[in-house]
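Only the coordinates and a few stated rules stand behind these numbers; no lab work does. Given the structure is predicted, the values throughout are model-derived calculations rather than measurements. A quick note on method: Cβ atoms are made from the backbone with ideal geometry, for glycine too, and the neighbour counts reach across all protein chains shown.
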2 protein chains.
Amino acid sequence: MALLNEYFLDLPTENLFSDVVKKINAFKIMRPNIRLTDMGIHDTDTSLPPSVVEAMHRAVADMSNHSTFSRNESEQGYEFLRDVIIKNDFNPRGIHLIPNEIFISNGVKSEIGNIGDVLRGDNTIGVMDPIYPIYIENNVISGRAGIFEGGRWSNVCYMSCNEANGFTPMPPEYPIDIVYLCSPNNPCGAAYSKGQLKKWVDYALKNNTLILFDASYEAYIQSPDIPHSIYEIRGAKKVAIELRCFSRTAGFSDLRCGYTVIPKELTIQTLDGRRVQMNALWSRRQNIRFGGVSYVTQCAAAATYSEAGKEQLRQAREYHMENARLMRRDLANLGVKVYGGEHVPYLWMKIPPNTSSWEFFEMLLYCANVICTPGSVFGPGGEGFVRLKALANRENCENAITRLKDCLK
Amino acid sequence: MALLNEYFLDLPTENLFSDVVKKINAFKIMRPNIRLTDMGIHDTDTSLPPSVVEAMHRAVADMSNHSTFSRNESEQGYEFLRDVIIKNDFNPRGIHLIPNEIFISNGVKSEIGNIGDVLRGDNTIGVMDPIYPIYIENNVISGRAGIFEGGRWSNVCYMSCNEANGFTPMPPEYPIDIVYLCSPNNPCGAAYSKGQLKKWVDYALKNNTLILFDASYEAYIQSPDIPHSIYEIRGAKKVAIELRCFSRTAGFSDLRCGYTVIPKELTIQTLDGRRVQMNALWSRRQNIRFGGVSYVTQCAAAATYSEAGKEQLRQAREYHMENARLMRRDLANLGVKVYGGEHVPYLWMKIPPNTSSWEFFEMLLYCANVICTPGSVFGPGGEGFVRLKALANRENCENAITRLKDCLK
């Protein structure tokens with residue numbers, strides 16, 4: 001008799017983002033003539049940049065001709081892509097990696113969970129709070145999260161991102177086995193400084209902690225003092241896996257592409273104290289359970305590193321960060337406390353006390369006809385805030401602020 | 001201290017296919033001037049059909065324009081693709097499915113392993129032998145395979161595909177929790193008849209067995225009596241998940257696309273005897289751990305169902321199956337016993353007694369300069385055979401047979 005993995009039954013039956021969608025759909029049914037301004041979860045309003053589109057057309061043409069097309073020999077990804085990643089994202093920051101340390105992936109969402117395959121089910125985990133729910137949910141279905149009580153999983157260390165710590169929590173006094181860091185952080189927008197990140201790396205070196213460092217938003221970093229990669233910190237190669245994606249920086253959401261860095265120096269322990277190379281372990285896992293990423297998609301990703309591609313992406317990011325700047329300014333003028341928007345294209349807006357983020361979400365929906373994301377869908381630490389995206393066109397952003405202004409009066 | 005999933009340490013450090021590649025590379029270094037004829041593991045020599053190429057160009061153009069492109073709302077895949085799958089692959093065979101029962105995937109390789117996420121680690125498993133090693137390896141890393149002794153995993157039931165049973169093993173006397181069936185089978189080429197498959201479905205209904213039915217090669221089936229889908233058997237929706245891919249039928253290997261059918265009727269048991277709907281469980285898993293398949297790839301897949309696409313694919317399959325027919329004929333004339341090549345584009349060639357499939361592989365490599373795949377890389381039941389692909393151009397196939405002829409004399 002086939003039996004199911006009962007850890008699934010511990011999950012809430014749907015995620016909270018579905019509840020957001022349901023509430024929006026209910027509104028649309030009740031008020032079909034009202035046009036909503038979406039500052040919520042659908043996070044790309046950008047089309048692919050021209051140089052990426054050209055590269056994709058070329059890739060399709062390659063595939064249509066057997067004599068011009070050479071098959072991917074490895075699930076790890078084409079070497080042409082792994083090469084440009086290293087040359088552009090790491091070498092200029094003094095980080096030396098070899099192509100075998102880069103694994104092309106279908107994006108951070110799947111990869112965050114997949115990494116768990118090579119880790120024991122009883123490792124303790126620590127996650128920033130608030131954070132995207134899949135960080136924790138992937139651990140729930142692997143049995144690492146414990147039981148859900150009072151809005152929290154019993155075996156998860158919630159590392160609070162709050163106003164008091166500038167949304168950049170520091171290591172706890174006790175050891176955690178696996179720590180998920182996201183910097184710059186979505187949803188709060190805070191980014192770790194080098195000094196702060198060094199504390200995490202030192203903590204990991206001391207406690208044999210594995211750091212899973214999500215750098216999805218690194219391209220939006222506006223300050224030269226903020227590290228783009230955890231490997232800018234000495235020793236990080238021994239303790240950290242870095243995950244990146246092309247989705248946010250290149251309108252890539254519907255292409256699904258990212259990459260994972262697993263340095264050869266990174267080892268992980270067996271119960272009897274031996275150290276095993278994580279890179280070899282991961283290669284084996286991919287060999288068994290991953291088919292690789294589409295050639296067309298890998299060509300698209302590589303095009304983001306061409307001179308034209310880089311410039312087009314820079315312009316797109318600048319446009320969205322200007323949205324963020326304008327929204328921050330206007331909200332501050334309204335007397336609203338706003339965080340984020342400096343290193344990520346999202347604002348983290350503080351809501352009035354004694355209002356839940358769900359109530360505020362509904363208030364904005366019905367009063368301002370603006371869609372936001374209630375902070376608490378990102379975890380208990382998100383309560384008291386809502387997230388507004390700046391990944392939209394200028395008109396929508398201005399429109400949203402005008403409507404908010406009328407409603408918050 | 002982060003600890004690794006030690007089941008990984010039970011795996012051989014590399015798979016046997018890597019050994020094949022190593023031996024070929026060694027040959028190339030020693031004899032750089034000899035041109036090898038590849039009848040081995042690189043299984044596509046076909047470019048994408050024109051209608052697929054056109055659809056991909058259109059899809060790229062869509063994505064370049066925000067006003068023509070609508071985002072994928074669900075990891076499950078675009079409904080336009082799920083619709084044509086149902087209309088073309090199932091309705092004509094009297095199988096009724098709804099779009100929510102179809103999950104677009106990155107292909108069977110990843111999916112075979114992913115399905116394990118929703119299943120307990122202590123289910124017993126049964127696999128056809130020989131079969132692609134990932135079927136078992138995915139269970140090894142999930143702890144279901146036991147220990148490796150004498151070429152076999154202790155907790156795996158090897159269901160032997162041999163000459164005596166026509167390479168179509170029937171259910172054992174005892175219950176197995178999860179059974180992997182692959183029909184038509186790669187590497188042997190045998191396909192289950194309706195009567196045979198009914199025995200498996202009845203066995204599964206009786207024992208609460210979950211059947212994972214890999215129908216990757218169904219498009220190659222040449223006889224009207226062979227079922228293309230397990231759902232042609234009454235009751236199968238209650239017990240079987242069907243996996244399919246576009247890789248073999250459309251030169252899609254480097255696009256990575258397939259789909260998984262999980263009927264709403266399929267339930268799976270909890271330890272305390274409740275039945276849980278597998279479809280809902282899988283939706284939740286995908287929601288947490290899967291980002292969906294690229295829009296361009298889904299458009300390519302949909303194009304294989306257009307009238308032009310179907311005709312182009314039919315011609316490509318016919319060409320390869322004619323290769324198989326010619327190779328079978330010529331090998332039979334040489335007095336070699338050959339199986340397969342009737343419902344899959346592979347031949348399963350019996351080798352002389354007292355020769356291992358590795359020895360025969362090396363003999364063909366050095367004497368005939370032909371690359372084949374040693375049967376034993378597919379499991380202990382593959383010993384005594386090698387696999388030759390017909391997925392090549394005609395000239396290569398004829399060339400291979402001529403060289404074989406000289407060598408086998």
Roughly what % of DSSP beta bridges within region B:52-305 run antiparallel, to the nearest 5? 45 percent
May I ask which residue of B:ALA303, B:GLN277, B:ILE233 lies farthest towards the positive end of the charge dipole of region B:226-308, with charges of +1 (Lys, Arg) and -1 (Asp, Glu) on Cβ and the Cα centre as origin? B:GLN277
What does the structure give for B:295-306 when I average, per residue, the other chain Cβ atoms found within 10 Å of the residue Cβ? 2
Averaged over every viewing direction, what's the projected area of the C-alpha convex hull for region A:226-281? Give it in nm², one decimal, please. 5.3 nm²
Ascending list, in nanometres, of distances separating the A:PRO224 label from those of the other copies (7 Å, Cα toward Cβ): 7.7
Classify region B:174-327: rounded, prolate or oblate, from the alpha-carbon gyration tensor (a ≥ b ≥ c, eigenvalue square roots; a/c under 1.5 rounded; otherwise prolate if a/b is larger than b/c)? oblate
Show me, for region B:83-100, the HN-Hα J-couplings you get by feeding each phi into the Karplus relation (A = 6.51, B = -1.76, C = 1.60, θ = phi - 60°), rounded to Hz, glycine and proline as x. 5, 5, 4, 4, 5, 9, 8, 10, 3, x, 9, x, 9, 9, 10, 10, x, 5
Go ahead and run the numbers for FRET between B:ILE98 and A:ARG325, Cβ-Cβ distance against an R0 of 41 Å, rounding to 0.05. 0.30
When a/c is below 1.5 the answer is rounded, else prolate if a/b is larger than b/c, else oblate, so apply that to the protein assembly as shown with a ≥ b ≥ c taken from the square roots of the Cα gyration tensor eigenvalues. prolate
Report, for A:SER67, each distance to the same residue's label point in the other copies, shortest first and in nm; define the point 7 Å along Cα→Cβ. 4.1
Which of the aspartates and glutamates could be linked to B:LYS238 by a straight reach, that is with a Cα gap under 17 Å, when you skip same-chain ones fewer than 8 residues away? B:GLU101, B:ASP177, B:ASP202, B:ASP214, B:GLU265
Take B:ARG329, B:ARG144 and order them by how many other Cβ atoms sit within 10 Å, fewest up front. B:ARG329, B:ARG144
For the pair B:GLU311/B:LEU9, report the inter-label distance in nm, with labels modelled 7 Å from Cα in the Cβ direction. 6.1 nm
If we count every other residue with Cβ under 9 angstrom of B:ASN100's Cβ, Lys/Arg +1 and Asp/Glu -1, where does the sum land? +1
Would any residue of region A:139-167 have its amide N under 11 Å from a label point 7 Å out along Cα→Cβ of A:LEU16? List them or say none. A:151-152
For A:ASN393, which inter-copy label distances result when the label point lies 7 Å beyond Cα on the Cα-to-Cβ vector, reported in nm to one decimal and in ascending order? 4.9
Quick one: net charge of A:PRO184's neighbours, Cβ under 11 Å, K/R +1, D/E -1? -2
Tensor-based shape of chain B (alpha-carbon gyration tensor, a/c under 1.5 rounded, otherwise prolate or oblate): oblate
Give the calculated FRET efficiency between B:ASP225 and A:GLU265 to the nearest 0.05, with a Förster radius of 60 Å applied to their Cβ-Cβ distance. 0.55
Total charge dipole magnitude, region A:52-305, about the Cα centre, Cβ charges on Lys, Arg, Asp, Glu only, Debye to nearest 20: 460 debye
Select from A:SER253, A:SER183, A:SER74 the residue whose mean-square fluctuation is largest in a Gaussian network model of chain A (Cα-Cα springs shorter than 10 Å). A:SER74
Can you compute the helix-only [θ] at 222 nm over chain A? Use -39500 (n - 2.57) per DSSP H run of at least 4 residues, normalise by all residues, nearest 500 deg cm²/dmol. -10500 deg cm²/dmol
When only C-alpha pairs under 8 Å and at least 6 residues apart count, what is the relative contact order of region B:52-305, in percent? 24 percent
Taking 22 Å as R0, compute the FRET efficiency from the Cβ-Cβ separation of B:GLU395 and B:TYR366 and round it to 0.05. 0.50
Where labels lie 7 Å past Cα in the beta-carbon direction, separation of B:VAL84 and B:LYS405 in nm: 4.3 nm
The set of residues whose placed amide H lies less than 5 Å from the amide H of B:LEU3, leaving out same-chain residues fewer than 5 positions away, is A:ARG120
Quote to one decimal, in nm, the extra length available between B:ILE41 and B:ASN354 on full extension: 0.36 nm per residue of separation minus the C-alpha distance between them. 110.2 nm
